[in-house]
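Student: Below are the structure tokens for one structure; questions will follow.
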Amino acid sequence: MDPNGNTRAVSVVMCTFNGAKYLREQMDSLLAQTYPLHEIIVQDDGSTDETIDIIKSYPADNIKLYINKEKLGATPNFYSAMRKATGELIAICDQDDIWEPYKVEHQVRAIGDKLLCVAHTKPFSDDGSQMHFDGRVPNCNLLRMTTTSMEGHRMLLNRKLVNLVPLDSCDFVRERAYDGVLAVTAAAFDSIVYVDEVLSHWRRYRQATSYVARTNDGASVNGALYRVKWCLQNYSRAGRVMGKHYQQLAEYLQKLGSTHPICEEAMHYMALQQSHNPIDMVRLVAFCLKNRRRLFYAAGDDSLKSLASALTFPLTNRFPFRYRLE
């Protein structure tokens with residue numbers, strides 16, 4: 001409900017592809033939501049297993065099933081499905097996770113007039129593997145979003161956010177996952193709110209679309225040393241990938257036309273990151289020191305560790321691009 005007690009229509013958007021193994025658990029968690037759902041849009045991308053039969057087995061009148069005539073791929077499928085939503089708010093849903101019953105309710109309560117609401121998601125594995133969960137509240141500002149993102153299943157968004165994305169207008173939209181584009185777009189208008197609760201459970205397994213094998217990238221001293229070593233070894237390669245990303249992102253931000261000061265800061269930061277001028281390197285270090293509470297995963301503190309991280313950030317900021325190296 002909004003502050004005036006009015007119910008805001010929520011569309012859940014789920015994209016499926018051969019998800020029969022875990023689909024019922026997710027569907028059951030959707031139908032158990034304490035907040036009334038306006039509609040559940042399921043858009044299938046050519047499943048050859050029992051996915052369609054499972055969806056059809058649910059008798060709820062608000063479930064709308066769409067089957068693509070041609071395979072779109074994950075990101076185009078989500079964009080297409082989101083544009084079919086008729087609710088004021090859209091909750092993005094994967095086919096293999098599990099939602100807490102109050103997920104939608106708590107996010108609707110929190111979003112207010114913001115474009116995007118994000119919450120904690122806790123990873124789990126059916127095989128008993130130990131899954132790391134960082135319970136800190138992450139930075140969601142545009143400076144942070146220039147090199148990172150947030151998973152779509154954590155998101156509740158105002159439908160206005162989808163309409164802000166100029167589909168196929170630039171390389172950033174064409175080459176980035178939909179959730180990364182949505183996060184950057186909302187951050188460009190400084191319009192993200194974070195709910196400090198675990199509202200979904202993120203199933204991790206090798207067949208998942210979003211699965212990435214983790215390296216030694218934790219917050220430990222060994223993890224920090226590993227990041228520095230990797231960035232030194234891959235400085236030029238990662239730098240080229242980073243530079244291309246920043247160029248595409250700068251073009252996208254210009255197309256969005258946001259006048260919020262955070263956009264100007266982000267453009268300045270990205271320009272410094274790409275510059276080979278020694279003076280700009282000094283400026284970049286100074287920028288990272290000044291803005292360390294906004295650049296890192298979480299605000300942290302002003303300890304020596306924080307200062308050291310800021311001093312090395314112009315180097316270690318290449319680390320998030322390791323998955324894009326050929």
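Student: Given the structure, is Thr148 over 20 Å from Glu197 (Cβ atoms), assigned to a loop (DSSP other than H, G, I, E, B), of a type in the set (Ser, Thr, Tyr) and modelled with pLDDT under 95?
Tutor: For Thr148, the condition - over 20 Å from Glu197 (Cβ atoms), assigned to a loop (DSSP other than H, G, I, E, B), of a type in the set (Ser, Thr, Tyr) and modelled with pLDDT under 95 - is met.
Student: Only one residue in Gln43, Gln107 is within 29 Å of Val137 (Cα to Cα) and of a type in the set (S, T, N, Q), so which one is that?
Tutor: Gln107
Student: Are any residues in the range 286-319 farther than 13 Å from Arg227 by Cα and in contact with a Cys (Cβ under 9 Å, 6 or more places away or on another chain), and if so, which ones?
Tutor: Leu295, Ala310, Leu311 - these are the residues of the range 286-319 that are farther than 13 Å from Arg227 by Cα and in contact with a Cys (Cβ under 9 Å, 6 or more places away or on another chain).
Student: Looking at the structure I just gave you, is Tyr252 in contact with a Phe, Trp or Tyr (Cβ under 8 Å, 6 or more places away or on another chain), surrounded by 14 or more Cβ atoms within 10 Å (Cβ to Cβ), outside the structural domain of Thr185 (by TED's automatic domain parsing) and closer than 27 Å to Asp171 by Cβ?
Tutor: It is true that Tyr252 is in contact with a Phe, Trp or Tyr (Cβ under 8 Å, 6 or more places away or on another chain), surrounded by 14 or more Cβ atoms within 10 Å (Cβ to Cβ), outside the structural domain of Thr185 (by TED's automatic domain parsing) and closer than 27 Å to Asp171 by Cβ.
Student: Further question: Does the range 74-96 contain any residue that is farther than 23 Å from Leu161 by Cα, at pLDDT 95 or above, surrounded by fewer than 16 Cβ atoms within 10 Å (Cβ to Cβ) and out of contact with any helix residue (DSSP H, G or I) (no Cβ under 6 Å at 6 or more places or on another chain)?
Tutor: No, the conditions are met nowhere in the range 74-96.
Student: Let me ask something else. Which numbered condition in (1) surrounded by fewer than 19 Cβ atoms within 10 Å (Cβ to Cβ); (2) in a loop (DSSP other than H, G, I, E, B) is the only one that Asn163 fails?
Tutor: (2)
Student: Okay, moving on. If we scan the range 7-21, do we find a residue that is of a type in the set (A, V, I, L, M, F, W, C) and more than 30 Å from Gly112 (Cβ to Cβ)?
Tutor: yes
Student: On to the next question. Among the candidates Ala74, Ala20, single out the residue that is small (Gly, Ala, Ser) and either over 22 Å from Arg159 (Cα atoms) or more than 22 Å from the chain's Cα centre (by Cα) (or both).
Tutor: Ala20
Student: So which residues in the range 4-37 are at negative phi and of a type in the set (S, T, N, Q), if there are any at all?
Tutor: Asn4, Asn6, Thr7, Ser11, Thr16, Gln26, Ser29, Gln33, Thr34
Student: Taking the stated definitions as given, is Asp196 modelled with pLDDT of 95 or more, within 19 Å of Thr121 (Cα to Cα) and surrounded by fewer than 20 Cβ atoms within 10 Å (Cβ to Cβ)?
Tutor: Here the answer is yes, as Asp196 does meet what is asked.
Student: Give me a count of the residues in the range 259-292 that are within 19 Å of Ser236 (Cα to Cα), small (Gly, Ala, Ser) and in contact with a Leu (Cβ under 8 Å, 6 or more places away or on another chain).
Tutor: 1
Student: I'd like the full set of residues that are polar (S, T, N, Q), touching a residue at least 12 places away in the same chain (Cβ under 8 Å) and not in a helix (DSSP H, G or I), limited to the range 49-63.
Tutor: Answer for the range 49-63, where residues must be polar (S, T, N, Q), touching a residue at least 12 places away in the same chain (Cβ under 8 Å) and not in a helix (DSSP H, G or I): just Asn62.
The values are calculated or read from the model by the stated rules, or taken from the named source; none is laboratory data. In this text, all values refer to a predicted model and were calculated from it rather than measured experimentally. Neighbour counts are summed over all protein chains in view; Cβ atoms, including those assigned to glycine, are modelled from backbone coordinates with ideal geometry.
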